[in-house]
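Q: Quick one: the structure is below, and I'll ask about it shortly.
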Ligand SMILES: *Cc1c(COP(=O)(O)O)cnc(C)c1O
């Protein structure tokens, strides 16, 4: 399969470019040149596959030039053996809503699903090609932990993770900073997540720097993450056995919900994708009114969604503009100047597939409280927003993506119900271990200097 950049689709790229580089040299995101669309006969064959078999089939549609299906199958198996659920994900319910629990991996959030696979894919690639890479990633909390767990101790790889200093939960931080492996470097940036993301983006577009350190990224723009996340949309659809289902997705960078859109494009009968946001509601304003204007980032109880520039939205812009990369590049300029109003016809196209809702802090805590009282279940604040959005829109056959284990966000649950969930036994040790991280100013050059000194 060939890939193109959303900002200039005249040039072809390989899966290797897409995986290793993450971002195209022109600043655009990679998308496949054409998409596999499963017909109903093919879909019925996928229906009874195990999670690992389904994962192998779907990822193989994108990666067969890069890795054989057999080798892929063994990487998938290895990746998901670290999960506490045999079938990787688990479906539960609260009243009429289904919850798709995605947090049974080693760092307790859905990011593990893609990241464990990516870690093994790197190892496969580097041992085949005798190369070394430095992975640099910005995190709003969960990506970093998932990436570190997936990459710690692997040979020929270093990982540098930038998180916003004092703006992630202490459990989130400790899952990253208590790792002892020598190839892991944590950097706390004096800024917010968007600042961290901007530093990483500018290091990537500085080709001299990024080439000099063989830089690679695993941010949510990495296409391989998206395809690995597509799998659970298929899996839960088959498990529920309904004709059409909708998904409510707690959203920040628009990666997870974009994976749902991709599943729909590949033939899965999804009705609506509900984009659920916290008070950082740029995507809700965009999808409901066309107003894609970013404001100051507000800190909330759901830090992994405290984002005002949703990188993956660029892929949607590309698709709704009929894969026109000139128009996409033009719109991305407007977004950079923070002056993009979605055109009326485009908004109508978006609204065929997407709906949106936002929950404020008070509503989020109320949902945690109500769910505990009525269902004896503690929700993490991100999942609570997914539930809140689904309730506001009241849809039949709606599945809420449950994106994190509640123990990761004790502040929110303590506030709502004066209780917090304990960490699973095997992770208890991170609570009192010594932490190791470097605080650096919100300045790209300083970060580059630090990385250079370690490579
Ligand atoms: C990353 C994250 C999200 C947001 O996912 P995006 O792909 O960035 O939209 C939601 N909830 C949790 C717990 C997360 O870690």
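The values are calculated or read from the model by the stated rules, or taken from the named source; none is laboratory data. None of these values were measured; they are calculated from a predicted model. Ideal geometry is used to build each Cβ from the backbone, glycine not excepted, and the neighbour counts take in all protein chains shown.
Q: Might you let me know whether segment 180-199 holds any residue that is over 27 Å from residue 424 (Cα atoms), within 15 Å of the chain's Cα centre (by Cα) and either modelled with pLDDT of 95 or more or away from the ligand (no atom under 16 Å from the Cβ) (or both)?
A: no
Q: Among 452, 441, 448, which is more than 16 Å from the ligand (Cβ to nearest atom) and crowded, with 16+ Cβ neighbours inside 10 Å?
A: On inspection, the qualifying residue turns out to be 448.
Q: Residues to consider are 259, 263, 329; find the one that is at pLDDT 95 or above, within 22 Å of residue 402 (Cα to Cα) and touching a strand residue (DSSP E or B) at 6+ places or on another chain (Cβ under 8 Å).
A: None of the others qualify; the one that does is 263.
Q: Which one of these does residue 357 not meet: (1) in contact with a helix residue (DSSP H, G or I) (Cβ under 7 Å, 6 or more places away or on another chain); (2) more than 16 Å from the ligand (Cβ to nearest atom)?
A: So residue 357 meets the others, but not (2).
Q: Still on this structure: Filter segment 62-77 for residues that are touching a residue at least 24 places away in the same chain (Cβ under 8 Å) and surrounded by fewer than 16 Cβ atoms within 10 Å (Cβ to Cβ); which is nearest to residue 404 (Cα to Cα)?
A: Looking at the filtered set, the residue picked out is 77.
Q: Shifting gears a bit: Answer yes or no as to whether residue 327 is part of a helix (DSSP H, G or I), more than 17 Å from the chain's Cα centre (by Cα), within 14 Å of the ligand (Cβ to nearest atom) and over 20 Å from residue 201 (Cα atoms).
A: It is false that residue 327 is part of a helix (DSSP H, G or I), more than 17 Å from the chain's Cα centre (by Cα), within 14 Å of the ligand (Cβ to nearest atom) and over 20 Å from residue 201 (Cα atoms).
Q: So, of the residues in segment 397-427 that are in a loop (DSSP other than H, G, I, E, B) and touching a strand residue (DSSP E or B) at 6+ places or on another chain (Cβ under 8 Å), which turns out to be surrounded by the fewest Cβ atoms within 10 Å (Cβ to Cβ)?
A: So the residue we want is 397.
For (1) in contact with a helix residue (DSSP H, G or I) (Cβ under 8 Å, 6 or more places away or on another chain); (2) within 16 Å of the ligand (Cβ to nearest atom), each residue gets a yes or a no:
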residue: 234; (1), (2): yes, no
residue: 248; (1), (2): yes, yes
residue: 251; (1), (2): yes, yes
residue: 266; (1), (2): yes, no
residue: 284; (1), (2): no, yes
residue: 293; (1), (2): yes, no
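Q: Please enumerate the residues belonging to segment 181-221 that are part of a loop (DSSP other than H, G, I, E, B), touching a residue at least 40 places away in the same chain (Cβ under 8 Å) and in contact with a strand residue (DSSP E or B) (Cβ under 8 Å, 6 or more places away or on another chain).
A: Within segment 181-221, 190, 191, 192, 213, 214, 217, 218, 219, 221 qualify.
Q: Still on this structure, I have one more. Looking for whichever is surrounded by 24 or more Cβ atoms within 10 Å (Cβ to Cβ), touching a residue at least 24 places away in the same chain (Cβ under 8 Å) and away from the ligand (no atom under 13 Å from the Cβ) here; the options are 257, 275, 297, 224. Which one fits?
A: From the options 257, 275, 297, 224, the qualifying one is 224.
Q: May I ask you to list the residues in segment 93-104 that are more than 17 Å from residue 235 (Cα to Cα) and surrounded by 22 or more Cβ atoms within 10 Å (Cβ to Cβ)?
A: Scanning segment 93-104 gives no hits.
Q: While we're on this one: Does residue 360 qualify as being surrounded by fewer than 23 Cβ atoms within 10 Å (Cβ to Cβ) and over 23 Å from the mean Cα position of the chain (by Cα)?
A: The answer is no for residue 360.
Q: While we're looking at this one, here's another question. Give the number of residues within segment 149-172 that are within 14 Å of the ligand (Cβ to nearest atom), at pLDDT 95 or above and not in a strand (DSSP E or B).
A: 1
Q: Among the numbered criteria (1) closer than 24 Å to residue 441 by Cβ; (2) surrounded by 24 or more Cβ atoms within 10 Å (Cβ to Cβ), which one does residue 151 miss?
A: Condition not satisfied by residue 151: (1).
Q: Of these, 414, 376, which one is away from the ligand (no atom under 16 Å from the Cβ) and at positive phi?
A: Exactly one residue qualifies, and that residue is 376.
Q: Could you run through segment 238-254 and say how many residues are surrounded by fewer than 23 Cβ atoms within 10 Å (Cβ to Cβ) and either part of a helix (DSSP H, G or I) or within 14 Å of the chain's Cα centre (by Cα) (or both)?
A: Counting residues in segment 238-254 that are surrounded by fewer than 23 Cβ atoms within 10 Å (Cβ to Cβ) and either part of a helix (DSSP H, G or I) or within 14 Å of the chain's Cα centre (by Cα) (or both) gives 3.
Q: Select from segment 25-48 the residues that are closer than 17 Å to residue 66 by Cβ and out of contact with any helix residue (DSSP H, G or I) (no Cβ under 8 Å at 6 or more places or on another chain) and list them in ascending order.
A: Listed by number, the residues that qualify are 33, 34.
Q: Among the strands (runs of 3 or more DSSP E) lying completely within segment 25-140, list those that include at least 2 residues that are within 16 Å of the ligand (Cβ to nearest atom).
A: Of the strands (runs of 3 or more DSSP E) lying wholly inside segment 25-140, those with at least 2 residues that are within 16 Å of the ligand (Cβ to nearest atom) span 97-101, 133-138.
Q: So is residue 366 out of contact with any strand residue (DSSP E or B) (no Cβ under 6 Å at 6 or more places or on another chain), over 30 Å from residue 34 (Cβ atoms), modelled with pLDDT of 95 or more and surrounded by fewer than 16 Cβ atoms within 10 Å (Cβ to Cβ) or not?
A: yes
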